[in-house]
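*Asks:* What follows is a single structure, and I will ask about it in a moment.
The values are calculated or read from the model by the stated rules, or taken from the named source; none is laboratory data. Small disclaimer: the values here were computed from a predicted structure and weren't measured. No Cβ is skipped: glycine too gets one built from the backbone with ideal geometry, and neighbour counts run over all protein chains shown. For accessibility, only protein heavy atoms count, side chains too; no ligands or nucleic acids. Shrake-Rupley method; radii C 1.70, N 1.55, O 1.52, S 1.80 Å.
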Amino acid sequence: MTTIHNLGFPRIGAKRELKFALESYWKGESSRDALKDLGAQLRKRHWDNQVGLDLVPVGDFAFYDQMLDMSFTLGNLPERVRGFHGDALDNYFRVARGRSAQGAEDHSACCGGVAAGEMTKWFDTNYHYIVPEFTAATEFKLDTTRLLEQLAEAKAQGVKAKPVIIGPITYLAQGKAKDDLYKLALLPRLLPVYAQLLDALAAQGVEWVQIDEPILVTELDTDWQNAFKAAYEQLKNSRVKLLLATYFGQLLENRTLAASLPVAGLHVDAINGRDDVLPLIDLLAADKVLSLGVINGRNIWKTDLTAVLDWVEPLAQRLGDRLWVAPSCSLLHVPVDLNSEQKLDTEIKSWLAYAIQKLDELRVLGKALRTGRDSVKAELAENKAALAARRASPRVNNPTVQAAIAKIDAGLGKRDSTYALRAKKQAALLKLPAYPTTTIGSFPQTAEIRHARSEFKAGRLDDASYKTAMQAEIERSVREQEALGLDVLVHGEAERNDMVEYFGEQLQGYAFSQFGWVQSYGSRCVKPPILFGDISRPQAMTVEWSTYAQSLTEKPMKGMLTGPVTMLNWSFVRDDQPRSVSCKQLALAIRDEVLDLEKAGVHVIQIDEAALREGLPLRKSQWQDYLDWAVESFRITANGVEDETQIHTHMCYSEFNDIIASIADMDADVITIETSRSDMELLDAFDNFNYPNEIGPGVYDIHSPNIPTQEHMVQLMKKAAERVPAERLWVNPDCGLKTRQWAEVLPALNNMVAAAKTLRAAA
């Protein structure tokens, strides 16, 4: 009998209940007990959603991040938060965001803000995790509280529990050494704690433990390969059965290593790594389980169930009860429930499956494999009809767009002049001081802004009233920036709900959900638009707002756009054509907007490519193809303007050292990046690479409520000036300010402007 199971479920709730509970707790408006109760309610509901599966994940729920949970389970707390007062949850949030709840901080001055943990993308997803920190002195000490509490809840509910933990090699690989430590030197200290954890789970009657090692789908050197062998040789005597789970890519040369590890089962991503499956069957011992991830855990299109069965049925006959079937990865990366969508276009909705619907698909596959296709004949027929309708829909294919793509040539992506010549013309036009100051685009999305947008979308606020309300917010942002003394202003993006969704709403080929939320980090959720067809721009999207803002000030106003690669990577993208084709369609559409902004007199235009890095394949050997079409798409978007128009781009929370040449090849006049949390470590890329253009290393960590001091920002910029000539440096936050409050933003930006003045005076 084929086993069906799940690797993980979205934790935020179908209506983002966890987000709102977290933010209420952090503000001191609700209690810790209320937050914990909400967590228990969500876990119960999510386990109910998984009834009928043979094994259900437990431990996949986190109040902020599963890697941070693993750090606390392993007792790996940064030195700066040890010994603090308060509940363990307070320290947890201090690592996550620099401070805990407002009420938790009031009792002692010692519990004020601390440096938040560094945050970066989880492999090639848009999910951010808190990076584990290691030093040569790091020790580990087991804390099973969180996991055993959740396991007890699951057992009381009758859940067939499969605890989920991050594996030791992935945990070390995805962490960061804060000194000269070689991370694998910690493995002998780490493994005994993992052994204790597995023993503790066995003592609770657990049979299977899912141990996630996605690092196996990357290129591993000999040391890391040997670390896998040593680790699982030491853990093989545990009294639980280990299902080692890989996902997000292909095993390729790691197949033999993965198959040889002394674990009871192996999960592989059969969406991205289908070619691994047959070789693995030949390599696996006759008593090992092979779990196939046959439902895409990262996109929202319906699975072709008939095609899956055509492929899997012969494997089921060959493997018998050694075959398990699951989604490709945790369903954390998709929305919760399609049934929540009452306003989504009916035709497009019929093509989709969210997390709950993917589990329904899994149940259909399980039933077909156990009792034959006739037992699910109606479900298969309905699935087949939906897929056929999508393929035949005239809304998907636009011959005009396809013809434009065919006409793209190399000249479309080239500026008229080199950066050196452009920079002189831009300096003459803009007349900016040394260390010019700007922000990344957005200002706080206040309750008033959100209320106006909600009323407008509900039809209770007419177009003219909405426009008046947004113009008032734009004027407020402009006046605040002028008062602060910023050099290049932005309009504040009051009218924008999300940097991708806002543009997608105005492009043909996109659809939008009400409740298609997924977690980006902590309480931050995004609602990726659905890219279902060929993309075109019917009309200007931002020109009216930007020109209105420019009319309010003599200072340069920066037009704000989201770039094609980020639009692609932060959307649920169609799976019926290469991603590169969809990206170039986006590039042509946004190029039209760039040119219209320039015609309207906007001479500074920022094209955000925050997601450039996360689209990289997980294997470096496959990077160049992606970088070639990604950089080409950006250049198509940006490089039709005159020399005097200054093009900015922004990238956040990624490592750039190994792709710095491609970033330079984008030929943006100014690039802004996150460097505040990493203490300018990201600028190490410039030690051995002479970056030719201007750069704004972010000095204000906007993901923390802490207000940076003028002195701190001056020191960060001095570090930057050791690597990049001062005349090419900008001073700016590390990201947009929409998630912050004005009470935090104004003093922080005031300190930032003061820091720039200090730097100018010392120059």
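*Asks:* Could you grab me the full set of residues in the range 584-597 that are open to solvent by less than 10 Å² (accessible area, probe 1.4 Å) and in contact with an Asp or Glu (Cβ under 9 Å, 6 or more places away or on another chain)?
*Replies:* The answer is Q585, A587.
*Asks:* While we're on this one: Can you report the number of residues in the range 415-473 which are acidic (D, E) and within 22 Å of L484 (Cα to Cα)?
*Replies:* Total satisfying the criteria: 1.
Rundown of residues vs (1) open to solvent by less than 10 Å² (accessible area, probe 1.4 Å); (2) within 22 Å of D124 (Cα to Cα); (3) of a type outside the set (F, W, Y); (4) without any contact (Cβ under 8 Å) to a residue 60 or more places away in the chain, yes/no style:
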site: K160; (1), (2), (3), (4): no, no, yes, no
site: P163; (1), (2), (3), (4): yes, no, yes, no
site: P192; (1), (2), (3), (4): no, no, yes, yes
site: L252; (1), (2), (3), (4): no, yes, yes, no
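*Asks:* Continuing with this model, one more query. Scan the range 598-609 and give yes if some residue there is under 23 Å from M541 (Cα atoms) and assigned to a helix (DSSP H, G or I), otherwise no.
*Replies:* Within the range 598-609 (the criterion being under 23 Å from M541 (Cα atoms) and assigned to a helix (DSSP H, G or I)), the answer is yes, since at least one residue qualifies.
*Asks:* For the range 386-419, give me the residue count where each residue is assigned to a helix (DSSP H, G or I) and open to solvent by 60 Å² or more (accessible area, probe 1.4 Å).
*Replies:* 7
*Asks:* Quickly run through the range 508-535 and pick out the residues that are of a type in the set (F, W, Y) and part of a loop (DSSP other than H, G, I, E, B).
*Replies:* Those that are of a type in the set (F, W, Y) and part of a loop (DSSP other than H, G, I, E, B): F512, F515, W517.
*Asks:* Starting from residues that are part of a strand (DSSP E or B) and small (G, A, S), keep the ones in the range 536-572 and report whichever is surrounded by the most Cβ atoms within 10 Å (Cβ to Cβ).
*Replies:* Within the range 536-572, the match that is surrounded by the most Cβ atoms within 10 Å (Cβ to Cβ) is G559.
*Asks:* Would you confirm whether or not the range 530-537 contains a residue that is at pLDDT below 95 and farther than 16 Å from A404 by Cα?
*Replies:* Among the residues of the range 530-537, not one is at pLDDT below 95 and farther than 16 Å from A404 by Cα, which makes the answer no.
*Asks:* Take the conditions of a type in the set (D, E, K, R), at pLDDT 95 or above and open to solvent by 50 Å² or more (accessible area, probe 1.4 Å) and apply them to K178. Does it pass?
*Replies:* When the stated conditions are applied, K178 does not pass them.
*Asks:* Which of (1) within 25 Å of R322 (Cα to Cα); (2) without any contact (Cβ under 8 Å) to a residue 60 or more places away in the chain; (3) touching a strand residue (DSSP E or B) at 6+ places or on another chain (Cβ under 8 Å); (4) open to solvent by 10 Å² or more (accessible area, probe 1.4 Å) does G205 not meet, given it meets every other one?
*Replies:* Unmet condition: (3).
*Asks:* Now for a different question. Output the qualifying pairs, or none if there are none: Cβ atoms under 7 angstrom, residues six or more apart or on different chains, first residue in the range 427-440 and more than 21 Å from A762 (Cβ to Cβ), second residue in a strand (DSSP E or B) and at pLDDT below 95.
*Replies:* If the second residue must be in a strand (DSSP E or B) and at pLDDT below 95, the pairs left are I440/H650; I440/T672.
*Asks:* Determine whether L283 is at pLDDT 95 or above, within 21 Å of V268 (Cα to Cα), more than 34 Å from the chain's Cα centre (by Cα) and buried (at least 19 other Cβ atoms within 10 Å of the Cβ).
*Replies:* no
Each row is one residue, and each column tells you yes or no for (1) without any contact (Cβ under 8 Å) to a residue 60 or more places away in the chain; (2) surrounded by 15 or more Cβ atoms within 10 Å (Cβ to Cβ); (3) in a helix (DSSP H, G or I).
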position	(1), (2), (3)
R450	yes, no, yes
R453	yes, yes, yes
R460	yes, no, no
A464	yes, no, yes
K467	yes, yes, yes
Q471	no, yes, yes
R476	yes, yes, yes
E482	no, no, yes
D487	no, yes, no
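*Asks:* Here is a list: Q342, Q317. Which entry is surrounded by fewer than 21 Cβ atoms within 10 Å (Cβ to Cβ) and closer than 21 Å to V364 by Cβ?
*Replies:* The match here is Q317.
*Asks:* Then there is this: (1) open to solvent by 50 Å² or more (accessible area, probe 1.4 Å); (2) assigned to a loop (DSSP other than H, G, I, E, B): which one isn't true of Q445, the others all being true?
*Replies:* Single failed check for Q445: (1).
*Asks:* Being out of contact with any Pro (no Cβ under 8 Å at 6 or more places or on another chain) and farther than 19 Å from D65 by Cβ is the filter here, so list the residues in the range 143-160 that pass it.
*Replies:* L148, A152, E153, A154, K155, A156, Q157, G158, V159, K160
*Asks:* Another one. Name the single residue that is nearest to I165 (Cα to Cα) among those in the range 220-234 being in contact with a helix residue (DSSP H, G or I) (Cβ under 6 Å, 6 or more places away or on another chain) and either of a type in the set (A, V, I, L, M) or assigned to a loop (DSSP other than H, G, I, E, B) (or both).
*Replies:* A231
*Asks:* One residue is enough: does the range 67-77 have a residue meeting the conditions among the β-branched types (V, I, T) and in a helix (DSSP H, G or I)?
*Replies:* yes
*Asks:* Still on this structure: Return the residues of the range 348-379 that are part of a helix (DSSP H, G or I), buried (at least 17 other Cβ atoms within 10 Å of the Cβ) and of a type in the set (A, V, I, L, M, F, W, C); say none if nothing qualifies.
*Replies:* Once the filter is applied, which keeps residues that are part of a helix (DSSP H, G or I), buried (at least 17 other Cβ atoms within 10 Å of the Cβ) and of a type in the set (A, V, I, L, M, F, W, C), the range 348-379 yields I348, A355, I356, L359, L362, V364, L365, A368, L369, V376.
*Asks:* State all residues of the range 505-529 that are β-branched (V, I, T) and either open to solvent by less than 10 Å² (accessible area, probe 1.4 Å) or modelled with pLDDT of 95 or more (or both); if no residue qualifies, say none.
*Replies:* V518
*Asks:* Consider A600 carefully, then state whether it is touching a residue at least 24 places away in the same chain (Cβ under 8 Å), open to solvent by 10 Å² or more (accessible area, probe 1.4 Å), in contact with a helix residue (DSSP H, G or I) (Cβ under 9 Å, 6 or more places away or on another chain) and within 21 Å of G492 (Cα to Cα).
*Replies:* yes
*Asks:* When you scan the range 85-99, do you find a residue that is touching a helix residue (DSSP H, G or I) at 6+ places or on another chain (Cβ under 7 Å), at pLDDT 90 or above, part of a loop (DSSP other than H, G, I, E, B) and open to solvent by less than 10 Å² (accessible area, probe 1.4 Å), even just one?
*Replies:* No, the range 85-99 contains no residue that is touching a helix residue (DSSP H, G or I) at 6+ places or on another chain (Cβ under 7 Å), at pLDDT 90 or above, part of a loop (DSSP other than H, G, I, E, B) and open to solvent by less than 10 Å² (accessible area, probe 1.4 Å).
*Asks:* Next up: What tally of residues in the range 291-314 results from selecting those that are open to solvent by less than 10 Å² (accessible area, probe 1.4 Å) and either acidic (D, E) or more than 29 Å from the chain's Cα centre (by Cα) (or both)?
*Replies:* Counting residues in the range 291-314 that are open to solvent by less than 10 Å² (accessible area, probe 1.4 Å) and either acidic (D, E) or more than 29 Å from the chain's Cα centre (by Cα) (or both) gives 2.
*Asks:* Considering the range 652-674 alone, what residues qualify as being open to solvent by 10 Å² or more (accessible area, probe 1.4 Å) and among the β-branched types (V, I, T)?
*Replies:* Within the range 652-674, just I660 meets the criteria.
*Asks:* Go over the candidates E139, E153 one by one and state the one that is among the acidic types (D, E), in a helix (DSSP H, G or I) and open to solvent by 50 Å² or more (accessible area, probe 1.4 Å).
*Replies:* Answer to the check: E153.
*Asks:* What's the total number of residues in the range 1-24 that are assigned to a helix (DSSP H, G or I) and either open to solvent by 10 Å² or more (accessible area, probe 1.4 Å) or among the basic types (K, R) (or both)?
*Replies:* 6
*Asks:* Let me ask something additional. For the range 711-731, how many residues are in contact with a Ser or Thr (Cβ under 7 Å, 6 or more places away or on another chain) and modelled with pLDDT of 95 or more?
*Replies:* The total comes to 3.
*Asks:* Applying the selection to the range 605-651, what residues are open to solvent by 30 Å² or more (accessible area, probe 1.4 Å) and among the hydroxyl-bearing types (S, T, Y)?
*Replies:* Listed by number, the list holds a single entry, S621.
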